[in-house]
Amino acid sequence: MELKFILESLLFSAQKPLSVKELRDVFAAAAEAEDADATAKSLAKIRDSELIAALEQLAQEHETAARSYRLACVAGAWQFVSQPEYAPWLKALVGQKIRPPRLSQPALETLAIIAYRQPITRAEVEQIRGVNVDAVMQTIMERGLVDVAGRAEAVGRPPTYGTTALFLEYFGLRSLRDLPAADELRKIVVQKPPAPVTVEPGLATTPPEQLALGSAEEKKAETAPEQPANGG
Amino acid sequence: MELKFILESLLFSAQKPLSVKELRDVFAAAAEAEDADATAKSLAKIRDSELIAALEQLAQEHETAARSYRLACVAGAWQFVSQPEYAPWLKALVGQKIRPPRLSQPALETLAIIAYRQPITRAEVEQIRGVNVDAVMQTIMERGLVDVAGRAEAVGRPPTYGTTALFLEYFGLRSLRDLPAADELRKIVVQKPPAPVTVEPGLATTPPEQLALGSAEEKKAETAPEQPANGG
Amino acid sequence: MAEYKVQFEVFEGPLDLLLYLIKKEEVDIYQVNLTKLATQFIEYIDLMRQFDLEIAGEFLVMASTLMYIKSRELLPVDQQVTVEGEEEGEDPRWELIRQLVEYKKFKDAATQLQTLEARQENVFPRLPGKLEFESAAPTPKPDVSIFDLLNAVNTVLRRFEKRDDARDIFEDKWTVSEKIEFILKVLAEHGSVRFAELFENAAGRSEVVCTFLALLELIRLKQLICAQGEEFGEIEIRRAENAPPAGAPVPAGPELSSEGRSDPARNDVTPEPILHQAPETGGVAEPPRQP
């Protein structure tokens with residue numbers, strides 16, 4: 001495997017310009033990996049001069065290929081950049097309002113549970129949904145709808161999750177109090193490990209009713225009209 | 001300015017895979033810009049077929065150049081991706097790719113059946129696998145790889161299932177046509193041999209060992225129908 | 001048997017086990033000796049029981065199909081009966097081979113998907129930094145509403161309730177030993193019982209499987225006799241006349257199963273082949289689905 005192609009793949013995938021030092025660090029890290037092969041190990045201590053020579057050869061090749069992008073070195077950092085003549089279309093691309101993809105049903109369900117039961121641990125969400133939620137939690141966290149809220153007072157102090165400001169924005173809610181009442185969902189009993197004795201009752205194990213809604217909203221919840229079963 | 005290079009610069013700069021429709025929208029938007037030049041205007045109403053032809057030519061060129069990346073079409077959207085052999089260094093650069101855990105053997109088998117035979121009912125999947133698939137169906141639906149596709153015209157109108165765009169993305173496929181050996185598996189034609197090998201009638205008392213290999217070998221030699229070997 | 005112990009594997013289902021046995025023989029699926037296969041399959045099931053592994057209902061259904069195929073073959077030609085309505089195309093041997101070939105192809109396809117899956121783990125998309133032309137446009141409104149969220153709440157609730165029921169009915173209620181007691185009690189009261197009757201009130205698949213396992217166990221312990229008044233008629237189950245005292249039923253153990261198991265290769269007089277015609281009576285072949 002040629003050094004210049006490894007460098008090319010790194011620069012092509014990097015989100016920012018990379019300096020020779022940063023590239024050298026990547027080679028060192030790759031050689032440290034558990035499953036590092038002979039090639040990776042042989043490049044562990046590559047010299048800056050070799051890197052620079054390979055980078056310059058690479059830049060030359062791309063110059064010759066005369067495509068719509070080239071490899072540039074600016075202030076000592078290397079980066080693939082597009083040629084200026086394509087700016088009109090790139091501007092149009094940036095201006096495009098690309099809708100984020102629709103949330104899947106599992107994502108919505110997980111989101112609903114977290115919204116009504118926050119702060120809640122992953123294990124508790126799984127207990128209610130009855131399935132592993134790793135993939136779906138990752139999606140909604142990546143979308144910025146859910147974030148770590150703290151840690152539960154349970155064994156291992158697992159992280160708890162809650163909804164974000166973006167969640168409210170996403171669903172057009174002013175605050176969590178605006179969530180339509182869903183008493184049933186709040187009532188599902190999730191087995192929590194007993195709280196440590198030192199914790200005051202009402203802190204770690206506070207019933208979700210008290211966390212999700214203020215007591216004023218509790219009344220609202222009671223009188224709330226029948227929820228639409230098939231809305232949306 | 002060549003269309004393929006404009007497309008290349010767009011895909012080079014885009015932060016997500018772009019579909020033909022999205023690319024068409026970019027050309028339309030660029031033509032609308034105040035300072036749009038003649039080239040931009042001339043591409044305002046470019047046809048999908050032209051775009052696809054240019055994209056395919058572009059992908060071909062990058063394939064031929066045999067660099068460390070290529071232009072890929074996954075689930076109908078185009079994107080530059082790295083060649084797998086550079087993964088050790090890319091992992092060191094951007095960290096392990098975030099991906100849900102690998103699929104289990106039952107999940108893969110069930111997915112394969114649904115992928116090739118969609119739309120298909122749960123009962124039909126079970127008939128092929130010979131086991132209950134409730135749990136595994138839940139897993140792959142949860143992961144968003146499979147979804148309800150409609151209802152069968154059978155008694156009770158049971159739901160039918162099909163694979164999703166995420167399925168194509170997960171396996172890096174352009175479309176269902178890209179499935180390995182698609183034609184063969186969609187409609188499996190099984191040749192009926194003269195007669196399955198069993199014991200000779202009337203030889204009930206013969207121990208099976210004596211019958212098995214001898215007769216099987218003979219028959220094979222005699223008739224040897226064109227069948228894939230059962231190895232692997 | 002010893003060789004199995006070395007390479008004891010967990011199989012996805014009966015078809016998977018059959019493919020494994022065929023592969024070991026190194027013959028083409030079309031060339032496989034079904035009688036021998038049936039014997040090996042039953043041996044494997046016995047082995048699983050000796051290891052106290054839970055045997056899925058599907059394995060038992062397949063075992064009965066194989067026993068049926070085998071028992072047909074063991075009859076001299078002039079005594080073989082053509083089942084009413086069974087045409088050329090429905091030869092159970094042929095149907096089994098067709099199923100195996102089809103399953104094998106999908107298993108191969110699954111392997112190819114697995115290769116693609118592993119490959120994709122090493123493919124990194126180019127993820128360039130944001131282009132800087134002007135301030136980014138505001139994020140457009142997503143295509144989702146509060147009603148979608150509520151719908152999701154309702155779905156969770158419905159499924160949660162259903163799941164609780166399911167657990168009560170299917171997981172906690174039935175054990176094989178209870179079913180053994182139940183069968184013995186029925187026989188003590190009525191003397192005999194029709195095979196199908198035992199399954200009439202089954203609440204679901206797992207109860208059917210428990211009852212069936214209980215029957216097999218009692219037959220193995222020589223507590224029961226299965227009799228059939230006429231060919232393909234109803235199977236009747238009676239207490240064995242010289243049955244040893246009913247005592248506590250013993251779970252399957254190595255010494256018991258080696259003593260009590262009939263050699264499936266021989267066409268002997270144990271009731272097993274008759275019992276394995278069960279698919280014809282409609283008793284076990286299609287256990288009711290769980291809701």
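Every read-out reported here was derived from the displayed coordinates using simple, explicitly stated rules and does not represent laboratory data. This one's a predicted model, so the numbers in the text were calculated from it and none came from an experiment. Neighbour counts run over all protein chains shown; Cβ positions are idealised from the backbone, glycine included.
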Check each of the GluC sites (Glu not before Pro) in segment B:80-174 and keep only those in coil by DSSP with at most 11 other C-beta atoms within 10 angstrom; list them in order.
B:Glu153
Using the basic label-point model (7 angstrom from Cα toward the beta carbon), what is the B:Lys45 to B:Ala65 distance in nanometres?
3.3 nm
Among B:Ser68, B:Ile46, B:Trp78, which residue has its Cα furthest toward the positive end of the charge dipole of segment B:41-80, with +1 on Lys/Arg Cβ and -1 on Asp/Glu Cβ?
B:Ile46
A 19 angstrom limit on the alpha carbon distance is what I want to check against. Which of C:Lys36/C:Lys70; C:Lys185/C:Lys222; A:Lys4/C:Lys130; C:Lys70/C:Lys222; A:Lys21/A:Lys45; B:Lys4/B:Lys97 exceed it?
A:Lys4/C:Lys130; C:Lys70/C:Lys222; B:Lys4/B:Lys97
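Pop the C-beta distance of C:Glu95 and B:Arg157 into the FRET formula with R0 = 25 Å and round what comes out to the nearest 0.05.
Given R0 = 25 Å and the Cβ-Cβ separation, E is 0.40.
Rounding to the nearest 20 debye, state how big the charge dipole of segment B:1-107 is about its Cα centre with +1 on each Lys and Arg Cβ and -1 on each Asp and Glu Cβ.
I would put it at about 700 debye.
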Given q = 0.10, 0.12, 0.13 Å⁻¹, what are the Debye log10 I(q)/I(0) values for segment A:1-141, with equal point scatterers placed on the Cα positions and solvent ignored?
-0.63, -0.77, -0.81
For segment B:88-160, convex hull volume per residue from C-alpha positions, Å³
107 Å³
Inter-label distance for A:Glu142 and B:Ser104, nm, one decimal - labels placed 7 Å from Cα along Cα-to-Cβ
2.4 nm
Ranking of C:Arg126, A:Arg102 by count of other Cβ atoms within 10 Å, fewest first
A:Arg102, C:Arg126
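Considering only the other residues whose Cβ falls under 13 Å of the Cβ of B:Val20, what net charge follows from Lys and Arg at +1 and Asp and Glu at -1?
Values: positive: B:Lys21, B:Arg24, B:Arg47, B:Arg174; negative: B:Glu22, B:Asp25, B:Asp48, B:Glu50, B:Glu56.
Result for the local shell: -1.
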Could you rank the peptides C:39-47, B:25-33 by their average count of other C-beta atoms within 10 Å per residue, with the highest value first?
C:39-47, B:25-33
Per-copy distances of the A:Ala38 label point, shortest first, in nm (7 angstrom along Cα→Cβ)
5.9
Take the Cβ-Cβ distance between B:Leu176 and C:Glu43 as r, set R0 to 41 Å, and report the resulting FRET efficiency rounded to the nearest 0.05.
0.50
